[in-house]
Amino acid sequence: MDSPGSAYTRFGLELFKELNKIKDGNIFFSPVGMSTAAGMLLLGAQGATTTPLQKMLCSEKDTKSTRIKTEEKEEARHIEKTEELHHQFQKVLSEISQPTNDYELKIANRLFGEKTYLFLQKYLDYVEKYYHASMETVDFVNAADESRKKINSWVESQTNEKIKDLFSDGSISNSTKLVVVNIVYFKGQWDREFKKENTKEEEFWLNKTTSKSVPMMTQRDSFRFTFLEDLQAKILGIPYKNNNLSMFVLLPNDIDGLEKIIDKLSPEKLVEWTSPGQMEERSVSLHLPRFEVEDSYDLEAVLAVLGMEGVFPEPGVDSSGTRSYSGLHAQKFLHKSFVVVNEEGTEATAGTGVDFAVTSALGDESFHCSHPFLFFIRQNDSDSILFFGRFSSP
């Protein structure tokens, strides 16, 4: 089985590649957040969703070895692997959520359940155990819109008012029984801040013929850096305070070179490219746009493309004909995200809701982000990619 960090990364990269095919402009989301919401969903529909979600979070070798077992052994192994998956979620969420004075990093989960619906206690106990998510009862039947506003208010409060209206008007009805919400919030300062007086307007090239003026931050300092010769690209790590987290930027040499990088993306390659043996401390003249991205996704169609239609099972029964833990099915899978990158550091947040019913000095390397690039924020201890994005449209 993949490590939790690798599992999040694998899911995030697969999802990013699908979004890259269908979405122009910027992309930004939280692999950890969406994986966590999917894990809580797995608890709610034990049978039908196990296979696709395990495929998402396990290696190919693991899923093949499960398939060759006899039916009885396979069922037992299903249960064992499901428990292991949730235990891994529990472990990595605990690691990520360790309190620190160096930055703000918060992952929060909550269930909002219809007050007249009888939820299986086993489901509520497991979500509490593995995801530290308690249930708050609301009145979807008689006050659906008020309940929607209450959920949105909770998300807003958990994200320093950055994520507003996760659930839009009409997205929750009187037939809704359960809403599962996950948020990830991060605010951190660079280990070495950019000086505001060095930020100047420069051109950012969307393609070879079109550019926009952007505020370009500049800094000349020592950074972890390497060339990726086979991709005609380079990668740079920008640490936050105390180096517990870093932002990595993957920059193609050519203005239109991003697709070649994306084609080669894999969890193994990211580990290889950012390993201490691959990257080395170099004096770098860094030019990085000051930018802000806010985006939202309805992920049901994207997950279907990934072969995960089973994440949205029929209500009440699973594939083995037994009643699921919650007796519910997912009606919507929403994700909204926000990031601002400036001279002081980065503020990033994401909310997932699952609704059921300067010229270089001699010797410096140049890292000039004047055209589309990829970036991700990673917690170094757990190797968990908290946020992943493409910046291509200021």
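Nothing in this text is a laboratory measurement; each read-out follows from the coordinates by a stated rule. Nothing here was measured: the structure is a model prediction, and the numbers come from that model. Reconstructed Cβ throughout: ideal geometry from the backbone, glycine too, with neighbour counts over all protein chains shown.
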Over region 150-213, calculate the relative contact order: mean separation of alpha carbon pairs under 8 Å at least 6 apart, over the residue count, as a percent.
20
Dipole check, region 215-266, charges on Cβ (K,R +1; D,E -1), about Cα centroid: among 240, 251, 218 the Cα furthest to the positive pole belongs to 240
Rounded if a/c is under 1.5, else prolate if a/b is larger than b/c, else oblate: which is region 109-163, with a ≥ b ≥ c the root eigenvalues of its Cα gyration tensor?
oblate
If you plug each phi of region 195-203 into the Karplus form 6.51 cos²θ - 1.76 cosθ + 1.60 with θ = phi - 60°, what whole-Hz ³J(HN,Hα) values come out, in order, with x for Gly and Pro?
7, 4, 5, 8, 6, 10, 6, 9, 7
I need the phi-derived Karplus couplings for region 11-25: 6.51 cos²θ - 1.76 cosθ + 1.60, θ = phi - 60°, integer Hz, Gly and Pro marked x.
4, x, 5, 4, 5, 4, 5, 6, 4, 4, 6, 10, 10, 8, x
Gyration tensor on Cα atoms of region 186-289, a ≥ b ≥ c root eigenvalues, a/c under 1.5 rounded, else prolate if a/b beats b/c, else oblate, says oblate
Using a simple charge model, +1 on the beta-carbon of Lys and Arg, -1 on the beta-carbon of Asp and Glu, nothing else, what dipole does region 82-211 show about its Cα centre, in debye to the nearest 20?
80
Among 284, 273, 261, which residue has its Cα positioned farthest towards the positive end of the charge dipole of region 219-307, with +1 placed on the Cβ of Lys and Arg, -1 on the Cβ of Asp and Glu, and the dipole taken about the Cα centre?
284
What residues have an amide H closer than 5 Å to that of residue 174, excluding those fewer than 5 places away on the same chain, when H is modeled at 1.01 Å from N in the peptide plane?
none
